[in-house]
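Notes for the one structure printed next.
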Amino acid sequence: MIQLYNVSKIYDNGVKALNDVSLHIRKGEFIFLVGPSGAGKSSLTKLICREELPSRGQVVINGRSLARMKNREVPYLRRKIGMVFQDFRLIANKTVFENVAFALEITGASNKDIKRAVPPVLRMVGLEKKARMIPAQLSGGEQQRTCVARAIVNNPVLILADEPTGNLDPETSWDLMKLFLDINRRGTTIIMATHAWDIVDAMKKRVVALGDGIITRDEESGAYGYES
Amino acid sequence: MLRNSWLSVASIGTIIISLLILGSSILLVLNVGYIASTVESSLEITVFLEDGVEQDRMERMEEEIRFIPGVTAISFVSRDQALDELRRSFGERADILSGLDEDNPLPNAFRVKTREAEMVPAAAQQLGELSGVEQVRYGQGVVEKLLALTHWVRIWGSITMGVLGFAAIFLIATTIRMSVFARRREIGIMKMLGATNFFVRMPFMLEGMTLGLTGGLVAALIINFGYLSLLSKVMITLPFIQLISDPALIYQVLGGLLGLGFAIGALGSAISLHRFLRV
């Protein structure tokens, strides 16, 4: 579903974030991106959602080269990708319900569709009772689950999670991982960049390790690894 | 909507002032043109003839005058007719003139009309060069003064309007830029969720257009009430001056101001979004 062919990314300030990286991700996979800070994990996720374009090489999603994609097509690509971040990125003055509904409003969905689509998603992440609260009234785990609800409400084919457990305590992190496994079982591909070695080790999923802009290790049902 | 309130007020204020200048300049120019066309005498030149010009010379003069560009009508006023007219204009007190019948001091004259007020000075100069002409008189320079006034109003009105218009566009652009800056986090979230450019930009376009439209509306209202009160004052104190009172024309001017305010708002926000909200 996602292919990277000899992708290099050099930023304008000369920083070489990725160097000749090739990677193939199949539909329905659950992948951990690991490696030290600055290894290129964030650059890789930015290339996949086309926040950045590769300096060299090709990123192909569902058979389409992102370099050839027109700017006005990018929003439609992003609607197929649910994004989850360490800092949640919720809108502070909107309720949980409204934050999730916002992802649908953007696509031009009708009020009727929104009212039908949001409650099941909130139920799935266990926030149906907190739908009318604003982010400041929620715990970190609840905010992150709101973020996940927003990411999946559009039925994306891919979830891109950039250190989603970075601000969560261990127990809450495991709740989130159970949620991700649930979503993954329904056929959604998940790519998760993380430093949480205990989670990576316990989950026994594919692990892609990055170091200095190259892939140092790519193992099915691997572990975090301690060499880095 | 008014997140950056002082900046919003400044941009609305600038739009109002520039549109007020534009609106009053337009009305002034229109009215001067209107007055110039309605004041009959401003189009009329009186050519006084020297005493003792022969009848056949006067007939030839009439032919020569006809060939002067812009001349549309000529009428001959004999010294007797002129005295009659003078007597009529004095009405009941015409007895003052009673002694003049035997020794009429008034000269023979032609009254010449031109097609447009602008043509009067040139025609008058040519008339003055004809032989047998003692003096040429027309509107005592009123026409020239009015036309010179509209000339300067046009130039200075355009310049101030242009400068203030640019200032207004710049201020709108700055307001929108601040607004974009204040909401950059939300914009980032919208883009991440797959919002189209149109969806992201629309609220800011609306904000700019609202600012512009508000300015245009206030300016149009001020011009409207100001002009109406001017009309009624002029009607009472200077009844011989006729100003434009055709509502259709006034509404056209007001509508123009409103539309221009809207355009300034739209242009300002479009410039700002083009520069600061590339997606």
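Bear in mind these aren't lab numbers, they're just calculated from the coordinates by the rules spelled out. Given the structure is predicted, the values throughout are model-derived calculations rather than measurements. Methodologically, a virtual Cβ is constructed for each residue, glycine included, from the backbone with ideal geometry; neighbour enumeration extends over all protein chains shown.
By the count of other C-beta atoms within 10 Å, a proxy for reagent exposure, B:D51, B:D103 are ordered fewest to most as B:D103, B:D51.
In straight-distance terms, cross-link reach from A:K130 covers every one of the lysines whose alpha-carbon lies under 18 Å from its own, apart from those fewer than eight places away in the same chain; here that gives A:K94, A:K115. Computed with the Debye formula from one identical point scatterer per Cα of region A:76-228, without solvent, the log10 of I(q)/I(0) at q = 0.12, 0.21 Å⁻¹ comes to -0.52, -1.36. In this simple spin-label approximation, A:A67 and B:E62 carry label points 7 Å from Cα along the Cα→Cβ vector, and these lie 9.2 nm apart. When each full DSSP H helix of chain A is screened for a Cα extent of at least 15 Å along its own axis and an average Kyte-Doolittle hydropathy of at least -0.5, the helices passing are A:111-124, A:140-152, A:170-185.
With a Förster radius of 56 Å applied to the C-beta separation of B:F76 and B:S232, the computed FRET efficiency comes to 0.85.
Taking label points 7 Å from Cα along the Cα-to-Cβ direction, A:V157 and A:K16 give a separation of 3.3 nm. For chain B, the equivalent ellipsoid derived from the Cα gyration tensor has semi-axes of 62, 20, 12 Å, listed largest first. Angle check, please: helix B:142-182 long axis (alpha carbons) against the longest principal axis of chain B (alpha carbons), in degrees 0 to 90, nearest 10. Tilt relative to chain B: about 0 degrees. Over what distance in Å are the Cα centres of region B:195-215 and region A:120-172 separated? Spelled out, the Cα-based centre of one part sits 31 Å from the other. Computed over chain B, relative contact order equals 31 percent, with contacts defined as Cα pairs under 8 Å that lie 6+ residues apart.
If you run the Gaussian network model on chain A, springs between alpha carbon atoms under 10 Å, then out of A:T189, A:T216, A:T165 the most flexible one is A:T216. Shape of region B:123-279 from its Cα gyration tensor (a ≥ b ≥ c, root eigenvalues): rounded if a/c is under 1.5, otherwise prolate when a/b > b/c, or oblate? Prolate, because a/c is 1.5 or more and a/b exceeds b/c. With the charge dipole of the protein assembly as shown set up from +1 on Lys and Arg Cβ and -1 on Asp and Glu Cβ about the Cα centre, the Cα lying farthest toward the positive end among the listed residues B:L258, B:V163, A:L138 is that of A:L138. All alpha carbon pair distances within region B:42-139 were sorted into 10 Å bins beginning at 0; the resulting P(r) in whole percents reads 15, 45, 28, 11, 0. Basic side chains Lys and Arg get +1 at the Cβ, acidic Asp and Glu get -1 at the Cβ, and with that the dipole of region B:42-139 about its Cα centre reaches some 440 debye.
Here the residues B:F48, B:F262, ranked from fewest to most Cβ neighbours within 10 Å of their Cβ, fall in the order B:F48, B:F262. What does the C-alpha gyration tensor say about the overall shape of region A:124-179? Classify as rounded when a/c is under 1.5, otherwise prolate if a/b is larger than b/c, or oblate. Cα axes put region A:124-179 in the oblate bin. Adding -39500 (n - 2.57) for every DSSP H run of four residues or longer, then dividing by how many residues chain B holds, sets the calculated 222 nm ellipticity at -23500 deg cm²/dmol.
By the beta-carbon count within 10 Å of each Cβ, the least crowded to most crowded order of A:C49, A:C147, fewest first, is A:C49, A:C147.
Once you sort the root eigenvalues of the Cα gyration tensor of region A:24-154 as a ≥ b ≥ c, which label holds: rounded (a/c under 1.5), prolate (a/b larger than b/c) or oblate (the other case)? Prolate is the answer for region A:24-154, as a/c is 1.5 or above and a/b outweighs b/c. Remark: C-alpha extents of the protein assembly as shown on the principal axes read 133, 48, 33 Å, sorted largest to smallest.
How high is the FRET efficiency between B:L86 and B:T160 when r is their beta carbon distance and R₀ equals 51 Å, given to the nearest 0.05?
0.60
Normalised by the number of residues in region B:42-139, the average gap of Cα pairs under 8 Å and 6 or more apart makes the relative contact order 54 percent. In this Cβ point-charge picture (+1 for Lys and Arg, -1 for Asp and Glu), the protein assembly as shown has a dipole of about 4560 debye about its Cα centre. What the pair-distance distribution of region B:175-228 shows, using all Cα-Cα distances binned every 5 Å from zero, is 4, 18, 19, 17, 11, 9, 8, 6, 5, 3, 1 percent. Hey, if you put +1 on the Cβ of every Lys and Arg and -1 on every Asp and Glu Cβ in region B:42-139, which of B:T72, B:L86, B:G99 ends up farthest toward the positive end of that dipole? Comparing the listed Cα positions along the dipole, B:T72 ranks first.
How much net charge surrounds B:S269 when only the other residues with a Cβ under 10 Å from the Cβ of B:S269 are counted, with Lys and Arg +1 and Asp and Glu -1? Let's see the in-between values first.
Details: positive: B:R177, B:R201; negative: B:E207.
Taking every other residue near B:S269 into account, the sum is +1.
With the simple spin-label model, which puts each label point 7 Å out from Cα in the Cβ direction, the B:L249 to A:S221 separation comes to 9.1 nm. What the Cα convex hull of region A:1-65 gives, in volume per residue, is 79 Å³.
Suppose every K and R has +1 on its Cβ and every D and E has -1 on its Cβ; what is the size of the dipole of chain A about the Cα centre, in Debye to the nearest 20? Can you show the working numbers first?
Working: 33 positive and 25 negative charges, 245 e Å.
Computed about the Cα centre, the dipole is about 1180 debye.
If R0 is taken as 25 Å, the Cβ-Cβ distance between B:E50 and B:I96 corresponds to a FRET efficiency of 0.40.
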